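K.L.:
Encoded as structure tokens, here's the structure I'll be asking about.
The values are calculated or read from the model by the stated rules, or taken from the named source; none is laboratory data. Just so you know, these numbers come straight off a predicted model, no measurement behind them. In this analysis, Cβ positions are derived from the backbone assuming ideal geometry, glycine residues included, and neighbour counts consider all displayed protein chains. In case anyone asks, the SASA skips ligands and DNA or RNA and just uses the protein heavy atoms, side chains included. Shrake-Rupley method; radii C 1.70, N 1.55, O 1.52, S 1.80 Å.
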Amino acid sequence: MHDGVGFMSGGVLGAVRTKPWAALALGLIAAMVAPAALAADCPGHPDALGTSRTLVVDPREHRLLGTMQYRETLPLADHEVVLTFDDGPLPRNSNQVLEILASQCVKATFFTIGQMAQASPEGVRKLRDAGHTIGSHTQNHPLSMNRMSIERAKKEIDDGIASVKAALGDDADTALAPFFRIPGLLRADNVEDYLAAQGIQIWSADFLADDWRHIPSSRVYELAMSRLEAKGKGILLLHDIQARTVAALPRILNELKARGYHIVHVVPATAERPATPTEPEQWRLHPASDNIAIAHWPQTPNFVFAETGTLPAPALSDFTWLNIRPIGLVEPSDRAGRPAHGVPPPRETPWPRLSVLPPENAAATLPAPAQSIFEMPEGLQVALHSVTPSLHRAEQTGSSAHEAGKPVSADSGDSRRVTRDNRRLAHGLERSRRHGRSRVAGHATPPATAARRGPLKHLVQVKKRNV
């Protein structure tokens with residue numbers, strides 16, 4: 001923190017030694033009175049926006065700027081804007097940008113590409129002669145700084161600085177500011193560490209206007225103003241090589257003046273030009289809102305108890321009216337799981353014990369079937385017993401008739417019919433014995449099963465006829 005304050009008044013830089021709070025008040029006063037003076041000093045443009053003040057920063061104290069990527073930004077007051085332009089110089093567009101800024105007496109910061117400086121060194125010198133701040137933007141604008149090797153990143157940075165210095169000539173060391181912007185804002189830790197070691201300040205941005213996209217100039221204007229309104233202040237990133245930026249810039253500057261915004265010009269601190277004194281919270285975009293949760297959260301009271309006596313433990317008799325038995329603690333055990341020596345086992349807990357579930361991989365055992373399942377109903381047993389002798393007699397009768405070649409006679413029509421059926425049954429049994437099994441409807445059926453089915457069905461039919 002420096003005790004001096006640098007400010008621009010009528011183009012003269014002065015230094016005043018004062019206390020920090022007084023310096024802050026002085027800076028605010030300068031910000032309020034400077035716009036009118038500079039606007040009046042803008043020849044031919046009495047209604048020009050002008051540059052409200054010059055902010056001097058020390059790159060070694062605040063290395064990373066721009067809330068799009070970093071915690072800190074420039075210490076700006078409400079409704080203060082810093083204009084920045086990337087990727088130039090490109091004469092056909094960059095020269096028009098310089099003319100527009102000059103018509104409004106506005107100072108900005110330009111981040112120049114080394115290759116562009118080599119192609120148009122006169123354009124770089126025009127930036128210096130117009131009083132703008134010149135920073136660097138690598139040699140070739142690679143969109144891979146976040147993943148390239150540190151050796152290649154160093155070469156891009158160093159070559160870009162060397163090209164811009166070559167374009168500036170003899171006063172390059174003082175004309176080139178130690179300000180740097182990473183192409184595409186594709187940051188990387190190793191790149192930031194290298195730039196910090198060189199004493200170079202990295203600039204990101206607080207809001208963009210998307211002027212590198214294929215959008216009309218009216219959209220560039222709308223994005224710049226709407227995003228500025230949302231932030232309230234900050235660093236605006238534009239591109240002086242874009243024709244849409246040239247078309248949108250006059251309208252942006254006029255609207256900034258109409259809405260009460262002020263332009264701040266940023267320059268690096270030197271031995272003869274100390275940094276503008278600031279407080280740490282000024283480098284935050286909205287320091288009050290960052291602490292809003294803490295400010296509104298109830299604070300823990302800071303007091304000490306007068307007495308810190310221990311409260312008495314409840315006695316067992318205090319719970320007798322609840323009719324609750326005391327619950328023992330789990331029995332201490334050693335590492336092997338054995339009860340500790342000399343410790344009595346706990347009493348049984350009053351709640352139901354949990355049943356032990358079998359292991360998940362235990363095989364499930366089905367219950368054995370009861371004997372009654374295999375018992376045959378009594379009526380069916382009687383029918384089978386009555387059929388068995390008939391089957392035996394039918395078999396004997398059929399064989400004897402076959403041997404004698406005579407039909408078997410019977411006293412009634414029912415008996416003749418039974419005899420005929422028995423003969424068929426005997427013939428079927430004989431065929432079953434020869435083939436080993438009987439086939440019914442295309443399925444193999446054991447002979448015993450066929451024998452049981454035939455007589456039982458026949459017996460039921462005979463009983464129905466008799467009824």
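K.L.:
Hey, what did the stretch 127-269 get for relative contact order, percent, Cα under 8 Å, at least 6 apart?
P.N.:
On the way: 167 pairs, mean separation 29.0, N = 143.
RCO, the stretch 127-269: 20 percent.
K.L.:
What is the pair-distance distribution P(r) of the stretch 172-276, computed from all Cα-Cα distances in 10 Å bins starting at 0, with each bin given as a whole percent?
P.N.:
Percent of pairs per bin, in order: 12, 35, 33, 18, 1.
K.L.:
Let me ask something else. Highest mean first, how do 241-249, 55-63 rank when packing is the count of other Cβ atoms within 10 Å averaged over residues? Provide the component values of the computation, followed by the final result.
P.N.:
Working: 241-249: 21.8, 55-63: 18.7.
Highest to lowest by the protection proxy: 241-249, 55-63.
K.L.:
Take the residue pairs 107/257; 107/154; 233/257; 126/233 and return only those whose Cα atoms are more than 20 Å apart. Don't skip to the end; give the middle numbers.
P.N.:
Working: 107/257 15 Å; 107/154 30 Å; 233/257 14 Å; 126/233 28 Å.
Too far apart for the 20 Å limit: 107/154; 126/233.
K.L.:
Can I ask one more? Karplus couplings for the stretch 182-198 from phi (6.51 cos²θ - 1.76 cosθ + 1.60, θ = phi - 60°), rounded to Hz, Gly and Pro as x?
P.N.:
6, x, x, 6, 8, 6, 8, 4, 5, 5, 5, 5, 5, 5, 5, 5, 8
K.L.:
Going by the alpha-carbon gyration tensor, a ≥ b ≥ c the square roots of its eigenvalues, is the stretch 115-189 rounded (a/c under 1.5) or, if a/c is not under 1.5, prolate (a/b greater than b/c) versus oblate?
P.N.:
Details: a/c = 2.22, a/b = 2.05, b/c = 1.08.
Judged from the Cα gyration tensor, the stretch 115-189 comes out prolate (a/c at least 1.5, a/b above b/c).
K.L.:
Continuing with this model, one more query. Would you mind classifying the stretch 46-185 by shape? Square roots of the alpha carbon gyration tensor eigenvalues, ordered a ≥ b ≥ c; an a/c under 1.5 is rounded, otherwise it is prolate if a/b is larger than b/c and oblate if not.
P.N.:
oblate
K.L.:
Here is a follow-up. What number comes out for accessible area per residue over the stretch 62-149 if the probe is 1.4 Å? Units Å², please.
P.N.:
Numbers: 3260 Å² over 88 residues.
It amounts to 37 Å² per residue over the stretch 62-149.
K.L.:
A further question follows. Can you list residues whose amide H is under 5 Å from residue 110's amide H, if they're 5+ apart or on another chain and H is modeled 1.01 Å from N?
P.N.:
85, 133, 134, 135
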